[in-house]
Amino acid sequence: MTARTQELAAVCQAMRAESLVALAIHEGPDGDAVGAAAGMLDLFAKLGVEAHLFVEPGVVLPLAAEFLPPAFVVAGPPPAAATVYALDCGSAARLAVKLGDQRRRTVNIDHHHDNTRFGDLNLVDGAASSTSELVCEIGVGLDLRFSPSAAAALYAGISFDTGHFQHASTSAATFDCCARLVADGADPNRVYRLLYGTRSLASLRLWARAIGGARPAACGRALLALLTAEDFAATGAADEETEGIVDALRSVPGVEVAALSRSHGDGQVKVSLRSEGFDVSAVAGLKGGGGHRQAAGFTTGGTVEEVTQWLSTVLDERLSTASC
């Protein structure tokens, strides 16, 4: 039995023995985090275990209206007696809920290669396409099928984190998982339309500002875009409508690293990084962030201009010596 198989079996055993569970996901939640949470909520319901997703007040959960019933989402810290199941998060410090100083048993389920294995029990596979894929495998381990809604959420999580099956992490196991989810009721066409087929006029105007102002760096091997509070105010677009901009920048021939820096004028800058081969998680780590080798991010203080200049300098140095 491989270490990976042992970890999966241990998580399944732990889930069967639970009575009260608090799910937690990473700050700035994305489609994979929400999909994984919806899938785990469904599995715990089938096991007869009380489980909720806990987040800090004000945290935006993308596609929550589609996949996360409001009764299962709680704003605030989890109860002390609950076992915490941390999903899609590389370190405890990046969770979207404050756990406080009280010691809680933690189960860590994730696919980020830089995961710190912070759990009392860990199921971490950096080769998996997504945490949603790992949750799908947990369902197999428990011999449970997903409800149609949970299956759609997990399918959406996998689609999101693979760039709709384009990233190198997409494997035969990924498609096996998706076939199982479709059999459970996920509708690929509907999920695609939810993720990629609908865009507001405000978001198109925001995209135009970001792409129109994109700046080359590292002799054209990097392309950097930025969005200010003024850009958001002028277009009326929300922060979640920036999803996909950095991938569009990366599609330019010759560009190996793309970055989008954005701020709403609160002194914090959020940065998304994408690459083809170059380890952008190492760059994100310089500012306390993380992620995947080809998709990472961080949040830092300053202005978007300052952060974009910092990125330009770092990428000039690192791409000039990178063997990618």
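The values are calculated or read from the model by the stated rules, or taken from the named source; none is laboratory data. Please read all numbers here as calculations on a predicted model, not as lab measurements. Using ideal geometry, Cβ is built from the backbone for each residue, glycine included, and neighbour counts are taken over all protein chains shown.
The set of residues in region 132-174 that are small (G, A, S) and buried (at least 21 other Cβ atoms within 10 Å of the Cβ) comprises S132, G139, A150, A151, A152, A153, A156, G157, S159, S169. In contact (Cβ under 8 Å) with a residue 24 or more places away in the chain, part of a helix (DSSP H, G or I) and crowded, with 22+ Cβ neighbours inside 10 Å, is that true of V314? Taking the combined requirement at face value, the residue does not satisfy it.
The criterion of being out of contact with any Gly (no Cβ under 9 Å at 6 or more places or on another chain) and more than 24 Å from A17 (Cα to Cα) does not hold for D161.
Looking across region 263-295, not a single residue is of a type in the set (S, T, N, Q), within 20 Å of R250 (Cα to Cα), modelled with pLDDT of 90 or more and in a loop (DSSP other than H, G, I, E, B). Determine whether N115 is among the polar types (S, T, N, Q) and assigned to a loop (DSSP other than H, G, I, E, B). Against the criterion (among the polar types (S, T, N, Q) and assigned to a loop (DSSP other than H, G, I, E, B)), N115 qualifies.
Within region 1-58, the residues that satisfy the criterion of being in contact (Cβ under 8 Å) with a residue 12 or more places away in the chain, among the small types (G, A, S) and in a helix (DSSP H, G or I) are A9, A10, A14, G31, A33, G35, A36, A37, A38, G39.
Cβ-Cβ contacts under 9 Å between residues 6 or more apart (or on different chains), taken from a first residue in region 254-273 that is in contact (Cβ under 8 Å) with a residue 60 or more places away in the chain to a second residue that is part of a strand (DSSP E or B) and of a type in the set (D, E, K, R), are listed as V257/R274; K270/R262.
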